[in-house]
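The block underneath contains the structure these notes are about, expressed in structure tokens.
The values are calculated or read from the model by the stated rules, or taken from the named source; none is laboratory data. As the structure is a computational prediction, the values presented were derived from the model and not from experiment. Cβ coordinates were reconstructed from backbone atoms using ideal geometry, including for glycine residues, and neighbour counts include every protein chain displayed. Surface areas here come from the heavy atoms of the whole protein model, side chains and all, with no ligands, DNA or RNA. Shrake-Rupley method; radii C 1.70, N 1.55, O 1.52, S 1.80 Å.
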Amino acid sequence: MVAGLRQADVLVSDGRIVQVGSDDGRGGALEAPSGAVVIDAGGCVVLPGLVDLHTHLRQPGDEEAETIESGARAAALGGFTAVVAMPNTNPPLDSASAVRDVQSLARDVPVDVFVAGAITVARAGERLAPMAELARLGVRLFTDDGNGVQSAGMMRRALEYARGLGVVLAQHCEVASLASGGAMHEGEWSARLGLPGIPASAEEVMVARDLLLAREVGARIHLLHLSTSGSVDLVRAAKRLGVAVTAEATPHHVSLTDASAATYDPLFKVNPPLRSKGDVDAVRSGLADGTIDAIATDHAPHRAETKDLPFDQAPPGMIGLETAVGVVLTELADLPLAQVVAMMSTRPAAIAGIGPANGGAHGGPIAAGHAANLCIVDLEATWVVDPSRLASRSANSPYGGRKLTGRVRHTVLHGEAVVIDGEAQR
Ligand code: DOR
């Protein structure tokens, strides 16, 4: 909830907001108690800590690319106070012991990590994972991300279970038989570059199928990283019909097109692929009119030696935690700040079940009694992205050299300043 902008001090104690200065003609100034840590937010906006629905932390299995600790530091530097960790690790997060391991590794890191569980064992689409057991450990979101659940029958069964458990399924919409072998969006650029294409229908067929299934079952569904104009139309129509669907889009799908592949630089390879200008415009419109609820990074670190391969052989994925706010504020500069907050904090917190309506500590509001999870952003600061200076263990950002406007200055997690003046404090 953003009730508007005003100038005010925010007093925090024991992890909670105690007081927000009032409009009493003194600019919202409050007396700092003696011994208090004072963080200067002059010239900045204080926002609810950002929430990322889609983060690959790579631990266990590929700690050279990222660890829970390094990913959490990157998240905090990016203004996030909560991330949902994707289960396509090695081993995958499809069992209670695997989930417990990640939860315990994530205990002392500078962001709250919420584990997503796999929908099916080994994300192979053949047998349901023990969803009830994982839900008892606090898992609220299930996904086979990296893969879509190919069988409609399996997806329907998973939706039935999810409805019963009160959890949400998040689908990576990709029909393997349409996408397999593809390296980039199928269109004019793929034809010109001679790279095998992934048609828009690879995403849209599964979006349509899952909207029908969710409606029939009466279950909630969240659609990950939507990238095509057709997907946005389908979700818009489904919402009008009352289907319980939410959707996310990534910063890269609103800022980069398939023309980037012209360099053959694998940094621009991602799944779903960067699409046409028309698709990018449609995704932006979907965000603007609320068809797409949230922005999620799909932060996908890859080691240089695995990523630096010819375009068609390189793994898909780009890092995004530390650039998300800058890219969104720069590329979607027309959107009111309140809407950016809704897309990057309030709504993702609600979707993940970690907002105040669920007794959670994320997504705001900035008001007395609420958890002190905050990010403080300088909306005017310009900076040039240098991937080698980011905190992520991997440097596969497509934004190297790009000038962004808007930078996170401080991040406060449960009342502790984990980032001060752009420096991680732990
Ligand atoms: O580009 C992507 N990379 N898309 C995915 O769905 C998975 C991710 C990864 O894990 O690298």
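The table below lists the values:
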| quantity | calculated |
| --- | --- |
| Asp40 in contact with a His (Cβ under 9 Å, 6 or more places away or on another chain) and more than 24 Å from Ala342 (Cα to Cα) | yes |
| Residue satisfying all of: in region 290-305; out of contact with any helix residue (DSSP H, G or I) (no Cβ under 8 Å at 6 or more places or on another chain) and touching a residue at least 12 places away in the same chain (Cβ under 8 Å); surrounded by the fewest Cβ atoms within 10 Å (Cβ to Cβ) among these | Ala304 |
| Every pair of residues 6+ apart whose Cβ atoms lie under 7 Å, when the first sits in region 28-49 and is closer than 30 Å to Ala74 by Cβ while the second is in a loop (DSSP other than H, G, I, E, B) and charged (D, E, K, R) | none |
| Sole exception among (1) free of Cβ contacts under 8 Å to residues at least 60 places away in the same chain; (2) more than 16 Å from the ligand (Cβ to nearest atom); (3) surrounded by 20 or more Cβ atoms within 10 Å (Cβ to Cβ); (4) not small (Gly, Ala, Ser) for Val207, by number | (2) |
| Residues satisfying the stated conditions in region 392-416, i.e. open to solvent by 30 Å² or more (accessible area, probe 1.4 Å) and not in a strand (DSSP E or B) | Arg393, Ala395, Gly400, Gly401, Arg402, His414, Gly415 |
| Odd one out for Asp312 among (1) touching a Leu at 6+ places or on another chain (Cβ under 9 Å); (2) open to solvent by less than 50 Å² (accessible area, probe 1.4 Å); (3) charged (D, E, K, R) | (2) |
| Residues satisfying the stated conditions in region 367-391, i.e. among the hydroxyl-bearing types (Ser, Thr, Tyr) and out of contact with any Ser or Thr (no Cβ under 6 Å at 6 or more places or on another chain) | Ser388 |
| Residue among Arg284, Arg303 that is among the basic types (Lys, Arg), away from the ligand (no atom under 14 Å from the Cβ) and out of contact with any strand residue (DSSP E or B) (no Cβ under 6 Å at 6 or more places or on another chain) | Arg284 |
| Residue ranges of helices (runs of 4 or more DSSP H) in region 152-229 with at least 1 members within 30 Å of Ala132 (Cα to Cα) | 152-165, 176-179, 200-217 |
| Pairs, first in contact (Cβ under 8 Å) with a residue 24 or more places away in the chain and on the phi < 0 side of the Ramachandran plot in region 261-274, second within 10 Å of the ligand (Cβ to nearest atom) and not in a loop (DSSP other than H, G, I, E, B), C-beta under 6 Å, six or more apart | Pro266/Lys307; Val270/Met318 |
| Condition met for Leu256 (in a helix (DSSP H, G or I), within 16 Å of the ligand (Cβ to nearest atom) and at pLDDT 95 or above) | no |
| Helices (runs of 4 or more DSSP H) fully within region 272-365 counting 3 or more residues that are more than 17 Å from the chain's Cα centre (by Cα) | 277-288, 304-307 |
